[in-house]
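These notes concern the structure reproduced below.
Nothing in this text is a laboratory measurement; each read-out follows from the coordinates by a stated rule. A quick note: this is a predicted structure, and the numbers were derived from the prediction, not measured. Ideal geometry is used to build each Cβ from the backbone, glycine not excepted, and the neighbour counts take in all protein chains shown.
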Amino acid sequence: MLLNNDEFLLALAELFVATRENGSVTVTLKRYNYEGVKQERQKKRAKTASNEEAMQLIVDRLSLNDTEYATLVRANTEKRKLSTLVAPSSLDVFLARYHGLLMVNAESIKKKDRLKKKKAAVKLLAAKKSRSKKSTVKA
């Protein structure tokens with residue numbers, strides 16, 4: 001469902017709250033190219049045009065230009081899909097609000113059990129060292 005930027009952020013906050021206990025939210029950001037349909041038309045023309053015209057169409061398509069692109073932002077859960085298009089001029093404001101939303105909801109991110117694993121590894125290493133010292137002392 002395509003929403004405007006404010007509605008998207010509100011719905012995303014609701015998704016974060018709904019999936020706090022269990023579930024996940026996947027958010028993707030990518031450049032949105034308005035010329036997708038135009039490129040398809042050019043491909044069709046290139047197939048029907050002469051070789052020289054086809055080469056010119058390919059060169060035109062590959063030429064670098066300084067156009068700014070909108071950003072497509074999608075959020076998915078198991079049950080809901082949300083999306084919004086962010087204009088290049090309002091991208092900074094949107095990302096700042098999105099960052100704030102992530103920081104508020106960061107507490108629901110599960111922390112890995114690295115500390116427990118590290119302590120167990122240190123104990124195992126200490127036990128191995130003490131065994132090797134005992135075996136060298138007896139010998």
Residues E14 and K118, FRET efficiency given R0 of 35 Å [Cβ-Cβ distance, rounded to 0.05]: 0.45
Residues with amide H under 5 Å from that of N105, placed H, sequence gap 5 or more: none
Simple spin-label estimate for S24 and E68 in nanometres, 7 Å along Cα-Cβ: 3.4 nm
For peptides 74-87, 117-130, sequence by mean Cβ density within 10 Å, most packed first: 74-87, 117-130
Per-residue ³J(HN,Hα) for the stretch 73-85, Karplus 6.51 cos²θ - 1.76 cosθ + 1.60, θ = phi - 60°, Hz, x for Gly and Pro: 10, 10, 10, 10, 10, 5, 10, 10, 10, 10, 7, 8, 10
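Give, as a single signed number, the net charge of other residues whose beta carbon lies under 14 Å from the beta carbon of T26, with Lys and Arg counted +1 and Asp and Glu -1.
With Lys, Arg at +1 and Asp, Glu at -1, the net is +4.
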Calculated from backbone phi, Karplus (6.51, -1.76, 1.60) coupling profile of the stretch 89-105 in Hz, x at Gly/Pro: 6, 10, 5, 4, 5, 4, 5, 5, 5, 5, 4, x, 5, 5, 5, 5, 9
Fully extended contour minus Cα-Cα distance, from A126 to H99, at 0.36 nm per residue: 5.4 nm
Simple spin-label estimate for N76 and D6 in nanometres, 7 Å along Cα-Cβ: 2.9 nm
